[in-house]
Each structure stands twice: as C-alpha cells, then as structure tokens.
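Pasting a structure here, questions to come.
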Amino acid sequence: MRHLIFLSALALCLALTSCGEVPAEEQAEATTATEPEKTEETAEAKTVAQKADGVAVGEKAPGFELKNVDGEMYSLDNIKDANGEQPKGYIVIFTCNTCPYAVASEQRIIDLHNKYAAQGFPVVAIQPNDPAAQPGDSFEQMQERAKEMDYPFLYLFDEGQKVYPEYGATRTPEVFLLDMDKVVRYHGAIDDSVRDPEAVEEKFLEKAIESLQKGEAPAPAVTKAVGCSIKTV
C-alpha cells in the first residue's frame, strides 16, 4: 500500500512539473491584496500589479486573425455571440491541450461559454504553445481535442506565437476579459482554485462579467494567473 501511495504521489508531481516549472508560490491559487498573507493550505488567488509587458487593464486589446479548429479565420471584428450578434464583450482565454491546469479548467471554460455566450460574452480560446516544443498542442491535436470534448467555443491557434506576447500572457490558462469596445477590463485567473473545481470559493471571472453587465468596473481587476508556462523553442 505504501508503494502504491508513493507511485501516485510521484505521478502527480511529474505531471505538474511537465506543465512548465510552476513556482511553488504560484501553485497556491490567487488572495486579494487587501487580505493578510495566507499559508499554502489556505491560499486563494492573489491580486497582483499589472505587468509592464503586454496589454494592461484599461487598454485596448491587440487585434488578431487566427485559424479556428474548423479551418476558418477569426478576428475580434467577425466573432459573434451565441445569438449571432455583436458581442457585449469577449472572454479571451489562453489555454491548451496538454497543461494539467488547463485540463482541470476545461469543463469550467465550456460552462462559461454555455452560460455567457447567449448573454453576449462568448469564450474565445487561444492555444499559444509552439508544437515544436509541445507536440500535443499541434493544430491537428487541437482539432481532435475540440471534437472529443465538443467545444462550443472558438479554439484558435496562435501559429508563430505572435499574439500571446502582445497580450502579455505567460500561463495556461490565463484570462483577458474585454468589453464591447475591446478594452481589457479584467486579467488573470478564472477563479481561486485552478486545480480543484470543487474547492472554488470565489469566481473572479464571473464576478467581473457580472460587473460589466451592471456597468461597473470589475473588482478585483487583476489576479494572478496560475498554470503552466507557455512553451516555445
């Protein structure tokens, strides 16, 4: 029995390590900056200062034209919501096939689109990893995963890895919530428990969307994105 427990623990450790050398402090999910520092056992998602690189909250998001898994090209100018209308906002999520954190968030991303696309906020998922560094994230593998999971949202390939640096994304999953004018209004984590959906206490992204629907500024506007580093060669 001790042998089996040891092997299980080793397998989990290897899975998280392969995800991209996530620092120990980032493995503890995000806490608001106004709260006292918490131990790893009780830590949630943490609000952080905006990065110098990439787009900041309050700035207009970079445009793009990327290939979806159906072979069609999409940009922020031709994406529609579930009603075929111009979106009230866009839930841009950098994610992938292979990262354990992204896989753990997959159903949440599906649920987010199913809940909010009809309200004017569709999910726009972008796969930023270089297949030369992570073969499981090739365009063909993206197509297979989207079909297997029946993704209801766009799953775009950042071929050449040109888009994610413009946004300043560094992790999968990492969220940029845009308003109807394509201005970034929230950046960071989906919620405060990326590894365990059953342990979620605060849904940062949903709270931010609901704030926009009320005409209010999301608070917090920035949280720490916890996940795998984006892979490049």
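The values are calculated or read from the model by the stated rules, or taken from the named source; none is laboratory data. Remember, predicted model here, so these are calculated numbers, not experimental data. Counting neighbours? That spans all protein chains shown, and the Cβs are built from the backbone with ideal geometry, glycine included.
Answer yes or no: is there a residue in the stretch 97-109 that is closer than 14 Å to residue 213 by Cβ, touching a residue at least 12 places away in the same chain (Cβ under 8 Å) and hydroxyl-bearing (Ser, Thr, Tyr).
no
Please count how many residues of the stretch 183-205 are of a type outside the set (A, V, I, L, M), surrounded by fewer than 18 Cβ atoms within 10 Å (Cβ to Cβ) and touching a Lys or Arg at 6+ places or on another chain (Cβ under 8 Å).
Residues meeting the conditions: 1.
Is there any pair linking a residue in the stretch 179-206 that is under 13 Å from residue 218 (Cβ atoms) and in a loop (DSSP other than H, G, I, E, B) to one that is among the small types (Gly, Ala, Ser) and modelled with pLDDT of 95 or more, with Cβ under 9 Å and at least six apart or on different chains, and which?
Taking only residues 6 or more apart or on different chains, the pairs are 189/225; 189/227; 202/193.
Matching residues to (1) within 23 Å of residue 205 (Cβ to Cβ); (2) free of Cβ contacts under 8 Å to residues at least 60 places away in the same chain:
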position: 113; (1), (2): yes, yes
position: 122; (1), (2): yes, yes
position: 129; (1), (2): yes, no
position: 135; (1), (2): no, yes
position: 149; (1), (2): yes, yes
position: 152; (1), (2): yes, yes
position: 158; (1), (2): yes, no
position: 163; (1), (2): yes, no
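Output the number of residues of the stretch 61-85 satisfying the condition of being aliphatic (A, V, I, L, M) and either on the phi > 0 side of the Ramachandran plot or not in a loop (DSSP other than H, G, I, E, B) (or both).
Adding up the residues that qualify gives 2.
Scan the stretch 109-136 for residues that are part of a helix (DSSP H, G or I) and crowded, with 19+ Cβ neighbours inside 10 Å and jot them down.
Just the residues of the stretch 109-136 that are part of a helix (DSSP H, G or I), to begin with: 109-119, 135-136.
109, 112, 113, 116, 117, listed by residue number.
Do we find that residue 30 is touching a helix residue (DSSP H, G or I) at 6+ places or on another chain (Cβ under 8 Å), modelled with pLDDT under 95 and either surrounded by 13 or more Cβ atoms within 10 Å (Cβ to Cβ) or under 27 Å from residue 220 (Cβ atoms) (or both) in this structure?
yes
While we're on this one: Test residue 198 against the stated conditions and say whether it is farther than 18 Å from residue 63 by Cα and at pLDDT below 95. Let's see the steps before the verdict.
Values: farther than 18 Å from residue 63 by Cα: yes; at pLDDT below 95: yes.
It is true that residue 198 is farther than 18 Å from residue 63 by Cα and at pLDDT below 95.
Would you mind stating whether residue 139 is surrounded by fewer than 19 Cβ atoms within 10 Å (Cβ to Cβ), within 12 Å of residue 127 (Cα to Cα) and over 13 Å from the mean Cα position of the chain (by Cα)? Break it down into steps so the answer makes sense when it comes.
Values: surrounded by fewer than 19 Cβ atoms within 10 Å (Cβ to Cβ): yes; within 12 Å of residue 127 (Cα to Cα): yes; over 13 Å from the mean Cα position of the chain (by Cα): yes.
It is true that residue 139 is surrounded by fewer than 19 Cβ atoms within 10 Å (Cβ to Cβ), within 12 Å of residue 127 (Cα to Cα) and over 13 Å from the mean Cα position of the chain (by Cα).
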